[in-house]
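Everything below concerns the one structure shown next.
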Amino acid sequence: MSAMDLTVLFSTHNGADVLPFVLDAYARQSCDCTWNMVVVNNASTDETAECLRSYSSRLPLTVINHPVPGKNGALNAALPKLEGSLIVVTDDDAIPAPDLLNQWARIAKAQPDFDLFGGQVDLLFQKEPPAWMLESRFHFAELFAACNHMEGPIDAGDIFGPNMAVRRAVFDKGITFNEAIGPNANNRTYPMGSETEFCLRLESLGYRSFFASGPRVQHIVRPHQVSPSFWNFRAYRHGLGVGLRERMERSEHIIPLRRRLPSVVLGRLRQAKGYLAFRSSLADTFDAHEGLWNYHWHRGYTDARGHPRIEEIHAA
């Protein structure tokens, strides 16, 4: 690897409540490689700046202030500051395992034919989820970016943002994050899936992806994130992101037809089923919340695609 092996990169907006857990864990890394960290303070209004300053003597840390809200714009502002030959892209609420950086350095050396990597994402609940949510663990990927696969080549869409790595050579070719998608403090209904869009775009350009089981993080799940309102709103934003990516893929011919996401017809049927469940039951059960998930997901999907909602069809 190069003179600098790794750069850890993430953006934070009002992350003062979780940053100490994350930065303490990086300060305790048992690392045989050379590394640094670039953190973008993205329009924070809490104590994030003070928190980052308090770690300046404990970490090889560079802080960039980016006042325009938007995670991907913040990450793009940091790209000229990258030094490592492998860029470990993560989140401000992802606590690294003690050997995370050594594991990423090992994978980068062992897999020279791959440029995009995903790692394991475990969940750290600050509050126990309700029983109905625990029955829906297959949604934990969409809700909380839970990620666990067998080690080996993988589809790029199965790599999640809290624990991924990209060779710097990719960014040196001018590839950036899409600023039209992803978290934005000024847009409560932002489309989800910015890392997925980025990874699928790289795959379409011929870059190969690999899943590494060694690098692990714990993704913090806050108490408000196990509530019904978060469930419903997350479903809407996830559907919005999928619909937006599908629209971009069709217009730009990025993804082959075999990789297309659910059809409008199938989506309408699923949305209708969710809508009926929503209208017929408010019980605090798995089936009721699963119906609400489908309903809100396809509300977002149809909004992004510009199709009429099932409510509009029903009223016609």
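The values are calculated or read from the model by the stated rules, or taken from the named source; none is laboratory data. None of these values were measured; they are calculated from a predicted model. Reconstructed Cβ throughout: ideal geometry from the backbone, glycine too, with neighbour counts over all protein chains shown. Ligands, DNA and RNA are stripped out before the accessible areas are found, and what is left, the full protein with its side chains, is counted by its heavy atoms. Shrake-Rupley method; radii C 1.70, N 1.55, O 1.52, S 1.80 Å.
Looking only at residues in the stretch 40-62 that are within 21 Å of the chain's Cα centre (by Cα) and β-branched (Val, Ile, Thr), the one that is farthest from residue 190 (Cα to Cα) is 48.
Selection of the stretch 117-139 for residues being closer than 20 Å to residue 97 by Cα and not small (Gly, Ala, Ser) yields 117, 120, 121, 122, 123, 124, 125, 126.
The set of residues from the stretch 35-66 being closer than 18 Å to residue 99 by Cα, buried (at least 17 other Cβ atoms within 10 Å of the Cβ) and free of Cβ contacts under 8 Å to residues at least 60 places away in the same chain comprises 36, 37, 59. Within the stretch 157-193, being part of a loop (DSSP other than H, G, I, E, B), charged (D, E, K, R) and either crowded, with 18+ Cβ neighbours inside 10 Å or in contact with a Gly (Cβ under 6 Å, 6 or more places away or on another chain) (or both) holds for one residue alone: 179. For the stretch 194-225, a residue qualifies if it is open to solvent by less than 10 Å² (accessible area, probe 1.4 Å) and among the aliphatic types (A, V, I, L, M), and the qualifying residues are 202, 212, 217, 220, 221.
The criterion of being closer than 21 Å to residue 246 by Cβ, within 13 Å of the chain's Cα centre (by Cα) and of a type in the set (S, T, N, Q) holds for residue 194.
Let's see how each residue does on (1) within 14 Å of the chain's Cα centre (by Cα); (2) open to solvent by 20 Å² or more (accessible area, probe 1.4 Å); (3) over 27 Å from residue 18 (Cβ atoms):
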{"position": "103", "(1), (2), (3)": "no, yes, no"}
{"position": "107", "(1), (2), (3)": "no, no, no"}
{"position": "115", "(1), (2), (3)": "no, yes, yes"}
{"position": "138", "(1), (2), (3)": "no, yes, no"}
{"position": "142", "(1), (2), (3)": "yes, yes, no"}
{"position": "146", "(1), (2), (3)": "yes, yes, no"}
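Selection of first residues in the stretch 206-217 that are closer than 13 Å to residue 112 by Cα and hydroxyl-bearing (Ser, Thr, Tyr) and of second residues that are open to solvent by 50 Å² or more (accessible area, probe 1.4 Å) and in a loop (DSSP other than H, G, I, E, B), restricted to Cβ pairs under 8 Å at least 6 apart or on distinct chains, gives the following pairs, ordered by first then second residue: 209/155. When the stretch 24-34 is filtered for residues that are surrounded by 18 or more Cβ atoms within 10 Å (Cβ to Cβ) and either part of a helix (DSSP H, G or I) or of a type in the set (A, V, I, L, M) (or both), only 26 remains.
Summed over the stretch 77-113, residues that are of a type in the set (D, E, K, R), assigned to a loop (DSSP other than H, G, I, E, B) and within 13 Å of residue 9 (Cα to Cα) total 4.
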